[in-house]
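Everything below concerns the one structure shown next.
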Amino acid sequence: MPPPPPLPMLPLLLLLCPRLARADPLACEYREHRAALASPAADPAVISPQDPTLLIGSSLVATCTVSPDFPLKAEDLYWTLNGRRLPAASYAALGPSTLSVALARLNGSRQQSGDNLVCHSRDGGILAGSCLYVGLPPEKPVNITCWSKNMKDLTCKWAPGTEGETFLHTNYTLKYKLRWYGRDNTCQEYHTAGPYSCRIPKDLALFTPYEIWVEASNRLGVAVSDVVMLDILNVVTTDPPSDVHVSRVGDLEDQLSVRWSSPPALKDFLFQAKYQIQYRVEDSSEWKVVDDVGNQTSCRLAGLRPGTVYFVQVRCNPFGIYGSKKAGIWSDWSNPTAASTPRSERGAGGCDPKGGEQNTTLRRELKQFFGWVKKHAYGCSNLGIKLYDQWRVWLQKSHKTRNQVLPGDKL
C-alpha cells in the first residue's frame with residue numbers, strides 16, 4: 001500500500017503569505033493568499049463560514065474540514081484567534097476530519113482589516129484561515145463645514161458619528177448637487193484637509209445654492225448625514241493679508257503702527273473685508289486680539305509696554321462679495337512680524353525736585369484726563385488719538401528738559 005500523500009499546500013501557503021506563518025494578529029491576510037492560489041479547492045482545509053461579518057455581541061460556530069487528500073483527523077487540529085490558541089473546551093468534532101469552534105459574545109474587531117481565525121495541524125502548520133469582521137453599522141456623519149478658497153474650489157470637512165469607525169473600515173462619500181436642479185455629483189479628492197474631508201476643485205456655480213451631504217458605509221450598512229445647504233459666496237475665505245509691516249510711532253514708547261495689504265487673490269472681485277489683529281510680547285504665548293479694525297488696512301496699537309518686542313499677526317474675513325449679505329470665513333493668520341517699542345527715558349539721570357513740585361497738580365490732572373483718552377483709544381480706535389499723541393510728546397519733552405542739567409546749574 002503506497003504511503004499517504006504529503007501536504008504540498010502548506011509550504012506553498014507559507015511561501016505565498018509568509019505572515020501567516022507568524023499568525024500575525026495585526027492584519028487579516030487570508031483573502032489575499034486565497035486570491036493568489038490557483039484554486040480554493042486546493043487548500044488543505046476549508047473554514048466555514050468564510051470571512052463573516054457580525055454585530056458586536058454575536059456568537060459564531062466555525063468549522064474546519066480537512067480535504068480528503070490529506071491524512072489528518074479532527075483530533076489532529078486546533079484553532080487560534082489573532083495568534084492566541086483557543087481553549088479545547090470550545091471545540092467539537094463534527095466528523096472524522098471536521099473540527100468546530102464556538103465563539104460567544106464577540107467583541108469588536110481588533111483591526112479594521114479583520115481578525116485572524118486560523119485552523120492548524122497538530123504540528124502548528126496552517127491549514128486554512130478566515131477573516132472575522134465584528135463591529136457596528138456606521139453612524140450618521142455630523143458637523144459638515146465647507147469653505148471656498150478665493151471662490152476657486154470648495155472643501156468640506158465632517159466628523160464621524162459618536163462611535164467613530166465602529167470597529168469596521170468605513171467608506172465616506174461626499175455628494176453634492178445644485179438645489180433646484182441638476183444631478184448628484186460625487187467628490188473625488190479626499191483627505192485634502194484631514195482624514196474626513198474632500199475637495200471639489202472646479203466647475204462650481206455661483207449665485208445658486210448647493211445641497212451637500214456625506215454617506216458612510218461599511219459591511220453592516222449605510223448612514224447618511226443631514227443635508228447642508230450653502231451658497232459659495234457665503235463661505236469664501238482667502239489668503240492672509242500680505243506685506244504686513246510693524247513700525248514705531250516716532251518716539252512714543254507705548255505705541256506701534258501696523259500696516260498691511262489686502263489679499264491679492266481677491267482684488268479682481270467686488271468685495272469688502274474686515275480685519276483682525278493679534279499681538280503678544282516676545283516672552284509670552286498669550287495673544288491679545290483687536291476686533292475693531294474694520295475694513296482699514298492700518299492700525300495704531302496703543303497702551304504697550306516701553307522697550308518691549310511685540311509679535312503681530314493679521315487675518316482677513318471677506319464679505320459682501322458680489323453683494324452677498326453674509327460674512328465669509330476668517331483666513332489663516334499672517335506670519336508673525338516683530339517690532340519693538342522705544343525704551344522709556346523717564347527716570348534717566350537726575351531729577352529737579354523744585355521743578356517737579358511746580359507742575360505736580362497740572363501733571364496729575366493731565367494724567368487723569370489722558371488716562372481716560374488712552375482707555376478709549378485702545379486698539380485701533382481713532383477717538384482722541386491725536387490729543388493723546390500731542391500730550392505724550394509734550395510730556396516726554398518736559399521730562400527731557402527737566403532731567404537736563406545745564407552748565408552752572410546747582411543741584
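Cross-link pairs exceeding 20 Å in C-alpha to C-alpha distance, out of LYS157/LYS325; LYS274/LYS326; LYS202/LYS274; LYS177/LYS325; LYS140/LYS326; LYS140/LYS175, comprise LYS157/LYS325; LYS202/LYS274; LYS177/LYS325; LYS140/LYS326.
The modelled label-to-label distance for the pair ALA102/SER242, using points 7 Å beyond Cα in the direction of Cβ, is 7.4 nm.
Looking at the range 92-239, the accessible area is 46 square angstrom per residue; that uses a 1.4 Å probe and ignores ligands, DNA and RNA. Ligands, DNA and RNA left out, the 1.4 Å accessible surface of the range 238-341 is 43% carbon and sulfur atoms. Sorting SER262, SER197 on solvent-accessible area from highest to lowest, probe radius 1.4 Å, gives SER262, SER197.
Protein heavy-atom surface of the range 38-126, 1.4 angstrom probe: 55% of the accessible area is carbon and sulfur, with nucleic acids and ligands not counted.
Carbon-plus-sulfur accessible fraction, the range 142-234 (probe radius 1.4 Å, protein heavy atoms only): 50%.
Expected output is a single nm value to one decimal: the length gained when fully extending between GLU75 and ARG305, i.e. 0.36 nm times separation in residues minus the C-alpha distance. What is it?
On the way: separation 230, 0.36 × 230 = 82.80 nm, distance 8.48 nm.
Extending this stretch completely gives an extra 74.3 nm.
Working from label points 7 Å from Cα in the Cα-to-Cβ sense, the SER340 to THR186 distance is 6.1 nm. Extending 7 Å from Cα along the Cβ direction at LYS202 and again at ILE56 yields two label points whose distance is 4.5 nm.
The values are calculated or read from the model by the stated rules, or taken from the named source; none is laboratory data. Treat the numbers as computed from the prediction; the structure is a model and nothing was measured. Neighbour counts are summed over all protein chains in view; Cβ atoms, including those assigned to glycine, are modelled from backbone coordinates with ideal geometry. Heavy atoms of the whole protein, side chains included, go into the accessibility calculation; ligands, DNA and RNA do not. Shrake-Rupley method; radii C 1.70, N 1.55, O 1.52, S 1.80 Å.
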